[in-house]
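The values are calculated or read from the model by the stated rules, or taken from the named source; none is laboratory data. Predicted, not measured: the structure shown is a model, and the values here were computed from it. All Cβ positions, glycine included, derive from the backbone under ideal geometry; neighbour counts span all protein chains shown. The protein model used for the area step is the full one, side chains on, heavy atoms only, and it has no ligands, DNA or RNA in it. Shrake-Rupley method; radii C 1.70, N 1.55, O 1.52, S 1.80 Å.
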2 protein chains.
Amino acid sequence: MRQQTIIAVDWGTTNRRAYRIENGAVIRTEQDALGVTAVSPGGFPAEIERLRARHGGAPMLLAGMVGSNRGWMDAGYVPTAATLEALAGAVVRPIDDVMIVPGVRHIEARRGDVMRGEEVQLLGAVAAGLAPDDALLCQPGTHCKWAQMRGGAIASFITAMTGEMFALLKGHALIGQEMTGPVTPGDAFVEGVRESTRGDLLASLFGVRPASLLGLRDREDAAAFISGLLIGADCAAHAGKGDVHLLADPALGALYACAIAELGGSSVLVDSHAAFVAGANRLWEYLS
Amino acid sequence: MRQQTIIAVDWGTTNRRAYRIENGAVIRTEQDALGVTAVSPGGFPAEIERLRARHGGAPMLLAGMVGSNRGWMDAGYVPTAATLEALAGAVVRPIDDVMIVPGVRHIEARRGDVMRGEEVQLLGAVAAGLAPDDALLCQPGTHCKWAQMRGGAIASFITAMTGEMFALLKGHALIGQEMTGPVTPGDAFVEGVRESTRGDLLASLFGVRPASLLGLRDREDAAAFISGLLIGADCAAHAGKGDVHLLADPALGALYACAIAELGGSSVLVDSHAAFVAGANRLWEYLS
């Protein structure tokens, strides 16, 4: 492999993380809140120059919402089964030495789904050997993605509004006023996971309020119970019985690992930054 | 049955409906937005006098949130199995000739639920022969209640946040911006009911957005589809295969009837005002 330096950016809606990578190794990394919604339309070329200057110059590889119609430019989607080679073949070049990675779309009967940014992590995890070629990968978060890999490609995926639902309930629902306690993978969380197996989410959620009113559960436990309900419902629908490879930060990863174990499955925590960097490196090999 | 006149009030959080009943027949009825949250603490005696004067005087029977700690006075709960006789035996009399009906609580293992106001409708529906003694009754709405009657008593019940969830999603979720179309029991609603049987609500809800983005479903259909998803999930969890007796207004009743039919069940629409009046009459017989 010849000498190469790139600046890879995982540029989401509300955050971005930039990595200067020299010969495959991360030399410098930086995270900030300059997501695409914080950049004015037309402001991307100037913002890119600032970013590039700060990281010592080099070709730039951008992934995530920066490639959407809310970002710099719509980079489109490649269809499933999606590989790094297919992504490399469809990059968009808004200016010299800057490449935007397209997203991935999956259509199955009348259901469809899209991703933008996650695909570099998913394919990078497999390319780097952090997960097997046929792994079920999970990226928890506001919109939790479950991707089934086949032969190293993204064969299919589905998104659940798990994190968004928790925030919605906490911020705006009647039961939100009960959600003041901490969320940890303890007894209340596990009770929520067990309750989720009843398959009656709308009633299980409402039940938090009378349980508190009737003294059946400490109010302090409500947030953890609800997190268990939602993550339990998400995992029950998608985790299956084999290993789930979790691309998550340690706190959220611990909640998903606990729910998956409670449901009789098993999980492996994968470093999502390492996966992104591996994906960016492999993409660059196809591009250079 | 001797001559009797009462003023019965179904007094909820945001609305109330008053009925002047003479010898079992409704002579006059009135609905307004003076729910309990619109009456100041301490303002109930004066408000009651205005209401009584407007309806020509008579003993008053109050049901609903007026009997909670957010209303005039906490009237407590009677346990399941709950009968009209038990409710009559536990009424609270804040002033002469005014009686507040208690609510009902149900506890089963570590799950519990409460109702306040619905119990008069439920027991009245059965007492008036509008539903059989062992009916499964459903009261759709912001918080949808499903009550299993046994021998004419409320044996058990559970509440689902079906209507509240629809409002939450429309008002605050990312998919809310898609929810601009009408909600009718048509094709998009039925498609949502079918999708709900997958038991994957958090992903089915999120899927509305990529379906619109990828041109798989008209944006105009999204609200009806989501209503079908939520009502479908509610009915799949609670309706069973026998007749469901729906205490609902015609529009919401039609949606529930459609979902129940799509899931292979059957339903009967019951007049909820007639049920309330029947319950109030029977309660008064026990009280006078």
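Worth pointing out:
- Averaged over peptide B:236-246, the number of partner chain Cβ atoms lying within 10 Å of each residue's Cβ comes to 1.
- Within 10 Å of the Cβ of each residue in B:155-167, the mean number of Cβ atoms contributed by other protein chains is 4.
- Ascending list, in nanometres, of distances separating the residue A:110 label from those of the other copies (7 Å, Cα toward Cβ): 4.0
- Whichever lysines have a C-alpha closer than 23 Å to that of residue A:145, once near sequence neighbours (fewer than 8 apart) are set aside: A:170, A:241, B:170
- Rounded if a/c under 1.5, otherwise prolate or oblate - the range A:14-104, Cα gyration tensor axes: oblate
- A simple rule links phi to the HN-Hα coupling: the Karplus curve 6.51 cos²θ - 1.76 cosθ + 1.60 with θ = phi - 60°, which for the range A:146-163 gives 10, 10, 9, 8, 9, x, x, 9, 7, 7, 7, 7, 8, 10, 10, 8, 5, x Hz, with x for Gly and Pro.
- Surface share of carbon and sulfur [accessible, 1.4 angstrom probe, percent] for chain A: 50 percent
- MRE, 222 nm, helices only [DSSP H, n ≥ 4, -39500 (n - 2.57), over chain A, to nearest 500]: -11000 deg cm²/dmol
- Accessible surface buried upon A-B contact (total; probe 1.4 Å; Å², nearest 100): 3700 Å²
- Degrees, to the nearest 10: B:118-127 long Cα axis against longest axis of chain B: 80 degrees
- Averaged over the residues of A:211-219, the number of partner chain Cβ atoms lying within 10 Å of the residue Cβ comes to 3.
- With a simple spin-label model that places each label point 7 Å from the Cα along the Cα-to-Cβ direction, the separation between residue B:134 and residue A:198 comes to 2.3 nm.
- Model label points for residue A:30 and residue B:216, set 7 angstrom from Cα along the Cα-to-Cβ axis, are 3.9 nm apart.
- Neighbour net charge for residue A:149 - beta-carbon separation under 13 angstrom, K R +1, D E -1: -3
- Pairwise centroid distance, computed over Cα atoms, of the range A:1-54 with the range A:248-288, Å: 21 Å
- Distances between copies at residue B:218, taken between label points 7 Å from Cα along the C-beta direction, are 5.3 nm in increasing order.
- Remark: relative contact order (the range B:53-126) = 32 percent; criterion is Cα-Cα distance under 8 angstrom and separation of 6 or more residues.
- Calculated label separations, residue B:53, copies of the chain, 7 Å along the beta-carbon direction, nm: 7.7
- Seen from residue B:270, the other residues with C-beta closer than 12 Å to its C-beta sum to a net charge of -3, counting Lys and Arg as +1 and Asp and Glu as -1.
- The amide H of residue B:98, built 1.01 Å from its N in the peptide plane, has B:60 as neighbours under 5 Å, considering only residues 5 or more places off or on other chains.
- Per residue solvent-accessible surface (Å²) - the range B:160-288, probe of 1.4 Å: 37 Å²
- Comparing B:27, B:248, B:144 along the charge dipole axis of chain B, the residue lying farthest to the positive side is B:27, per the Cβ-charge model.
- Summing +1 for each Lys or Arg and -1 for each Asp or Glu among the other residues whose beta-carbon sits under 11 angstrom from that of residue B:225 gives -3.
- Shape category assigned to chain A from the gyration tensor of Cα positions, a/c cut at 1.5: prolate
- Peptides ranked, highest mean first, by Cβ atoms within 10 Å: ranges B:23-35, B:121-133, B:250-262: B:121-133, B:250-262, B:23-35
- Global form of the range A:5-164, assessed from the alpha-carbon gyration tensor, a/c cut-off 1.5: prolate
- Taking label positions 7 Å along the Cα-Cβ direction at both residue A:37 and residue B:180, the computed distance is 1.9 nm, reported to one decimal.
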